[in-house]
1. Where the second residue is β-branched (Val, Ile, Thr) and modelled with pLDDT of 90 or more and the first is part of a loop (DSSP other than H, G, I, E, B) and open to solvent by less than 10 Å² (accessible area, probe 1.4 Å) and lies in the stretch 204-218, which pairs have Cβ atoms under 9 Å and are six or more apart or on separate chains?
2. For the condition of a type in the set (S, T, N, Q), touching a Phe, Trp or Tyr at 6+ places or on another chain (Cβ under 7 Å) and either modelled with pLDDT under 75 or buried (at least 23 other Cβ atoms within 10 Å of the Cβ) (or both), what is the one hit in Asn58, Asn42?
3. Looking at the structure I just gave you, is Leu17 buried (at least 17 other Cβ atoms within 10 Å of the Cβ), modelled with pLDDT of 80 or more and not in a loop (DSSP other than H, G, I, E, B)?
4. Taking the residues in the stretch 143-186 that are open to solvent by 50 Å² or more (accessible area, probe 1.4 Å), in contact with a Pro (Cβ under 9 Å, 6 or more places away or on another chain) and of a type outside the set (D, E, K, R) as candidates, determine which candidate is nearest to Ile305 (Cα to Cα).
5. Suppose the filter is closer than 27 Å to Met113 by Cβ and either in contact with a Gly (Cβ under 8 Å, 6 or more places away or on another chain) or modelled with pLDDT of 90 or more (or both); does Glu200 pass it?
6. Name the one entry in Val329, Val312, Val354 that is open to solvent by less than 20 Å² (accessible area, probe 1.4 Å), over 19 Å from the mean Cα position of the chain (by Cα) and at pLDDT 70 or above.
7. Here is a check on your reading of the model: is Ser363 modelled with pLDDT under 90 and either surrounded by fewer than 17 Cβ atoms within 10 Å (Cβ to Cβ) or closer than 19 Å to Ala151 by Cα (or both)?
8. Within the set of pairs 6+ apart or on separate chains, which have a first residue in the stretch 326-339 that is polar (S, T, N, Q), a second that is open to solvent by 50 Å² or more (accessible area, probe 1.4 Å) and not in a strand (DSSP E or B), and C-beta atoms under 7 Å apart?
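The values are calculated or read from the model by the stated rules, or taken from the named source; none is laboratory data. Owing to the predicted nature of the structure, the values given are computational and were not obtained by experimental measurement. Virtual Cβ from ideal backbone geometry, glycine too; neighbours counted across all protein chains shown. The protein model used for the area step is the full one, side chains on, heavy atoms only, and it has no ligands, DNA or RNA in it. Shrake-Rupley method; radii C 1.70, N 1.55, O 1.52, S 1.80 Å.
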Amino acid sequence: MATPAQPIPVTIVTGFLGVGKTTLLRSLVQRRQTRRLALLINEFGEVAIDGDLVRHGNHDASQVQIQDFPYGLIAYGNDDQFEPAMLALAARRAQVDHVLIETSGLALPTAVMERLQSPALAPHFILDATLAVVDTPLLLDQRFAAGSNDADGAIAAMFAAQLEFADVVVLNKIDALGEEQLLQAEQQVRACAPNVRFLELAFQAQLDIRLALGLRLHQATLATHQHTYTPVRMPGADTNVLADQQRLNGHAHSGLAAHTHGLATHKHFHEQDPGWLSFTLRSQMPQAVDKLKLALTAAARSEPILRTKGFVRTRNGERNGERDVLQLVQGVRTRVVINADAVAPATSDKSELVFIGYHPSRSKVAALLSEITGTSWQ
């Protein structure tokens, strides 16, 4: 009798809007060693930006397969693409070593976790770990805390739920932070999600591949399998040893059958709270970088815009033999970066930006961009 194939491990990467999930994924792809990866990338917007970013610089399609899931929440109740996509990967089991799923910043990882335990997918896949990526400066600035308005409350609820169901929390955007700030961030994470097993640091948005893939945190093991634990200090010499070292047990689920995590994913999050909206604005005219950055910052101050991303056609002099180039725009609230190091020769005749926020006004944002840049945005 043939030995049944081992299920394919799946890592879920979750985190709120703009925390750096895609950049972290790019790093993992580059450091994959010999692993053959399949990536499912979900975005809350009609234009797929993140998939293109991961593809950029990856030239071996036989080793890294990428599939976009734009404009929706992956694995939620009305997503009819997730299961067929996963079954297609299962049919190519010999070419796939690991699956990574990047959820939308407005989704809970529990939707994917639940679907992986379905009768159709459970024979083929096993959850390896759920990673929650955190924008550490915003965490320290209390930007994920409940405030006095509906938007702050919605953000706090989503952030807390994403951490609650994570096995590993990755503190990102930490390069300018000192040891004391990192310790403070750890304390805030532990206070919000005391059952998180590991906290990892991602300097320069890079994470050791051994800390992300192959953790086997949800894989059943024999009851007689023994483990020892070494006291861990994170990240300074004066930090207290974790009181509960069992939290570091990577096989805490060992021997358990399929289980739930308090799943509350049968409806879209934005069906429960329809204030979360996404829209796309486009311009046919080349943009001046300084004016566009000023316009995007003004829009985020005027409207509850939490995330801006896309590519813009700019005219900044000769570069790579082209006058017009596409540059990457990444905005988190009023923090806007137009990345001159991520340019590519222009292949489109328009600029295209996705905005995500809580009850934002599309018409007001379009008017602001048009007025400040002196170009038409629609």
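1. Every condition considered, the pairs that remain are Leu207/Val170; Ala212/Thr11; Ala212/Val13; Ala212/Val168; Ala212/Val170; Leu213/Thr11; Leu217/Thr130; Leu217/Val168.
2. Exactly one residue qualifies, and that residue is Asn42.
3. When the stated conditions are applied, Leu17 does not pass them.
4. Filtering the stretch 143-186 for residues that are open to solvent by 50 Å² or more (accessible area, probe 1.4 Å), in contact with a Pro (Cβ under 9 Å, 6 or more places away or on another chain) and of a type outside the set (D, E, K, R), the one nearest to Ile305 (Cα to Cα) comes out as Asn149.
5. For Glu200, the condition - closer than 27 Å to Met113 by Cβ and either in contact with a Gly (Cβ under 8 Å, 6 or more places away or on another chain) or modelled with pLDDT of 90 or more (or both) - is met.
6. Val312
7. Taking the combined requirement at face value, the residue does not satisfy it.
8. Thr334/Arg301
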